[in-house]
1. List, in order, the whole-Hz ³J(HN,Hα) value for each residue of the stretch 40-56 obtained from phi through the Karplus relation with A = 6.51, B = -1.76, C = 1.60 and θ = phi - 60°; use x for Gly and Pro.
2. May I ask you to derive the relative contact order of the stretch 13-136, considering only C-alpha pairs under 8 Å and at least 6 residues apart, and to give it as an integer percent?
3. If I ignore ligands, DNA and RNA and count only protein heavy atoms, how much of residue 223 is accessible to a 1.4 Å probe, in Å² to the nearest 10?
4. Excluding ligands and nucleic acids, what accessible area in Å² is computed for residue 160 using a 1.4 Å probe, to the nearest 10?
5. Are there chymotrypsin sites (Phe, Trp or Tyr not before Pro) in the stretch 27-110 that DSSP puts in a loop and that have at most 12 other Cβ atoms within 10 Å, and which ones?
6. Starting from the Cα of residue 191, step 7 Å along the direction of its Cβ; do the same at residue 225; then give the gap between the two resulting points in nm.
7. Principal axis extents for the stretch 40-161, Cα atoms only, whole Å, descending order, please.
8. Can you list residues whose amide H is under 5 Å from residue 97's amide H, if they're 5+ apart or on another chain and H is modeled 1.01 Å from N?
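The values are calculated or read from the model by the stated rules, or taken from the named source; none is laboratory data. Owing to the predicted nature of the structure, the values given are computational and were not obtained by experimental measurement. No Cβ is skipped: glycine too gets one built from the backbone with ideal geometry, and neighbour counts run over all protein chains shown. These accessible areas exclude ligands, DNA and RNA; they are computed on the full protein's heavy atoms, side chains included. Shrake-Rupley method; radii C 1.70, N 1.55, O 1.52, S 1.80 Å.
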Amino acid sequence: MNKTSNGHMENQRNENESSPERIGTCGYVLLFFSYFLIAITFPFSLCISLKVVREYERAVIFRLGRLLPGGAKGPGLFFVVPCIDSYTKVDLRTVTFDVPAQEILTKDSVTVAVDAVVYYKIKDATMSITNIENAQRSTQLLSATTLRNVLGTKTLGEILSDREHTVEVMKRNLDETTVAWGVHVERVEVKDVRLPVQLQRAMAAEAEASREARAKVIAAEGEQKASRALKEAADVINESPSALQLRYLQTLNTISAEKNSTIIFPFPMEFMSYFSGGGPGAKGNSKM
């Protein structure tokens with residue numbers, strides 16, 4: 001794409017520079033009188049004829065309405081013929097402007113407000129004057145239109161997560177049009193994507209529900225692992241009755257370490273059979 005753009009700009013520049021200076025007989029007469037006027041008013045005429053452009057500027061000169069061959073002049077001194085020459089200064093520095101917030105309907109039918117910033121510079125001063133009336137304003141309007149067109153083909157998720165690809169597509173689309181104006185778009189950045197308040201609340205509720213669901217799953221997995229560990233511990237204690245008594249003593253030690261005024265003693269359920277049934281021989285006596 002860059003090779004094609006550079007080739008187009010080179011062809012346009014060659015056409016402008018190779019066009020012969022045809023000002024007609026009347027034009028040559030006016031040119032002669034202008035030079036004659038400069039000569040008889042020398043050196044005072046130098047104040048009008050000599051012009052200066054800065055390092056970052058170029059001057060596009062028109063003689064009797066026709067573009068002078070040789071392209072833009074500058075930087076430094078250049079000569080103009082009073083009365084028949086007119087010139088326009090063009091700034092070649094990088095220009096930055098904000099694209100106003102655009103209300104965009106995304107591919108998944110969500111309305112968002114998006115604003116961006118565009119960096120561009122004049123690549124060819126002659127083309128920026130001869131091919132378009134106002135290169136700066138035209139680039140700004142084209143940037144706003146391109147922003148809406150590009151983001152309108154993407155979903156909300158793509159706009160939020162894939163900004164690099166989005167701005168690259170915007171830059172490429174802008175370059176395809178502005179190359180004929182002598183303008184080069186250097187960079188495009190999406191500043192902010194503003195969502196409606198109701199959509200923000202819905203997304204927040206969705207995210208909260210998702211977090212709660214993950215927390216419940218993690219808690220359930222923890223309970224499952226804990227129950228398996230308790231089952232294994234119960235199997236180990238069941239193999240040795242003395243281990244259960246040691247566990248009782250360990251529990252008492254833990255309770256007493258907390259300086260509690262109440263101590264709970266575990267009471268084996270087997271002892272209750274002596275009180276409820278009258279001891280081990282109660283069942284035999286009742287049969288007799």
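1. 3J(HN,Hα) across the stretch 40-56, in whole Hz: 7, 9, 5, x, 5, 5, 5, 5, 9, 8, 8, 10, 10, 10, 6, 4, 9.
2. Computed value for the stretch 13-136: 23 percent relative contact order.
3. Around 130 Å² of this residue is reachable by solvent.
4. 80
5. Filter output for the stretch 27-110: 44.
6. Reported label-point gap for residue 191 and residue 225 is 4.9 nm.
7. Principal-axis extents of the Cα atoms in the stretch 40-161, largest first: 75, 25, 20 Å.
8. Hits under the 5 Å cutoff: 118.
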